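S.K.: Have a look at this one before I ask anything.
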Amino acid sequence: MRGTIDGFSYGVVTPLVGYVMACLGGALGLRCTTRSLLVTHSWRPAWLALGSTAIGSGIWTMHFIAMMGFSIDETPIRFDKPMTYASLGLAIVMVGVGIFMIGYRGANGTSLVTGGTITGLGVASMHYLGMVGMRFDGEFTYDITGVVASVVIAVVAATVALWAAGHVRGWRGSIGASLVMGLAVSGMHYTGMAGLTVHLHGTPGTATSGSPAAVLAPILVGPLALLLLAAVVVMFDPLMVKGAPRRIPAESKPGVPAAAVLSHQRVRPRQRPHREPVHADAHGARTPQRH
């Protein structure tokens, strides 16, 4: 029997909050990726990992905040925690593959296409793996058109995000790119949900257990803490906020004496000393010629 679903139990609240979380994760991830390009190779993996965690957590949080507003009238919904957290790990790892490719190979050509495709497939896989973790007396079926459309949106969104991670430097550009990223992630989610159908196994009844919001709230604590950690790092790192490396004067660098630093504009070419002409006498002796 077909179940009755409602994806907007709280109206526009869950879509709006989910969109904000996707934008937040995207903005933090872009800033971390930008910061990784301004440091030595020894610190780069740490910044890229933090950026991957921020973007993956933002996307995952968006998905499950949206699912807080999802309900099936005839049956209660539960969530399998190991499967739910596995979808979070998948999102972070797959986003990390693309971020690391951009961090070490640049956001151009093959690396951008490959990284965007892998990351987009990872985001879409996170969405559907999270749906697999839902438990109720029935099963989901999907319209193939909606699934394909959601995957395409995820790949395009991931490619654009990786391009922005490699090219956008200032805060304004990062915010603009994160707004587009959040819109694409939300569009991917609701495109996939539009083709969803619920088939119930048992006799239809009325859902009497706790709402999805009450069930999901404790699960969201961990990813929200990861986003908070990334936000604190961004806020307290001056170079991260500026988005450009600070030029250190040569005389301020360790191991370079200030007296030894000369501006090349002030250095004059060395002049050769004036020599008096020399003439040889009849015996071959060379004597200077004075005027």
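S.K.: Kindly list the residues of the range 107-133 that lie in the label zone of A86, defined by a backbone N under 19 Å from the point 7 Å along the Cα-to-C-beta vector.
M.R.: Once the point is set 7 Å along Cα→Cβ of A86, 121-133 turn out to lie under 19 Å by backbone N, inside the range 107-133.
S.K.: May I pose another question? In what sequence, largest accessible area first, do W60, W43 appear using a 1.4 Å probe?
M.R.: W43, W60
S.K.: What does the C-alpha gyration tensor say about the overall shape of the range 88-161? Classify as rounded when a/c is under 1.5, otherwise prolate if a/b is larger than b/c, or oblate.
M.R.: Note, shape of the range 88-161 comes out oblate.
S.K.: If r is the Cβ-Cβ distance from S42 to I219 and R0 is 41 Å, what FRET efficiency results, to the nearest 0.05?
M.R.: Given R0 = 41 Å and the Cβ-Cβ separation, E is 0.70.
S.K.: What's the extension gain from L183 to V97 if we count 0.36 nm per residue and subtract their Cα-Cα distance? Don't jump to the answer; show the numbers that get you there.
M.R.: Details: separation 86, 0.36 × 86 = 30.96 nm, distance 2.20 nm.
Net length gain for the segment: 28.8 nm.
S.K.: Still on this model: Keeping the other protein chains in place, figure out the carbon and sulfur percent of the accessible area of the range 12-240, with a 1.4 Å probe.
M.R.: Of the solvent-accessible surface of the range 12-240, carbon and sulfur hold 73 percent.
S.K.: Provide the descending list of Cα extents for the range 132-177 along its principal axes, expressed in whole angstroms.
M.R.: Here the spans come out as 49, 22, 14 Å, largest first.
S.K.: Over the alpha-carbon set of the range 12-240, divide Rg by the Kirkwood Rh and report the Rg/Rh ratio to two decimals.
M.R.: 1.00
S.K.: Any idea of the accessible area per residue across the range 12-240, 1.4 Å probe, to the nearest Å²?
M.R.: On a per-residue basis, the range 12-240 sits at 41 Å².
S.K.: Could you check the spin-label model distance between V132 and H199? Points 7 Å from the Cα along Cα→Cβ, value in nm.
M.R.: With each label point 7 Å from Cα toward Cβ, the separation is 1.8 nm.
S.K.: Now, a different point. Percent relative contact order of the range 12-240, based on C-alpha pairs within less than 8 angstrom and at least six residues apart? Don't skip to the end; give the middle numbers.
M.R.: Numbers: 394 pairs, mean separation 71.9, N = 229.
It comes to 31 percent, rounded to a whole number.
S.K.: Using only Cα atoms, locate the centre of the range 152-176 and the centre of the range 46-111, then give the distance between them in Å, rounded to an integer.
M.R.: 16 Å
S.K.: Could you compute how much accessible surface V221 exposes when probed at 1.4 Å, giving the result in Å² to the nearest 10?
M.R.: Approximately 90 Å² for this residue.
S.K.: Same structure again: Go ahead and run the numbers for FRET between S9 and R172, Cβ-Cβ distance against an R0 of 30 Å, rounding to 0.05.
M.R.: Plugging the Cβ-Cβ distance into 1/(1 + (r/R0)^6) gives 0.25.
S.K.: Using only the heavy atoms of the protein chains and a 1.4 Å probe, how would F64, F79, F8 rank by accessible area, largest first?
M.R.: Heavy-atom accessible area, descending, gives F8, F79, F64.
The values are calculated or read from the model by the stated rules, or taken from the named source; none is laboratory data. Since the structure is predicted, the reported quantities are computational estimates derived from the model, not experimental observations. In this analysis, Cβ positions are derived from the backbone assuming ideal geometry, glycine residues included, and neighbour counts consider all displayed protein chains. Heads up: the accessible areas ignore ligands, DNA and RNA and are worked out on the full protein's heavy atoms, side chains in. Shrake-Rupley method; radii C 1.70, N 1.55, O 1.52, S 1.80 Å.
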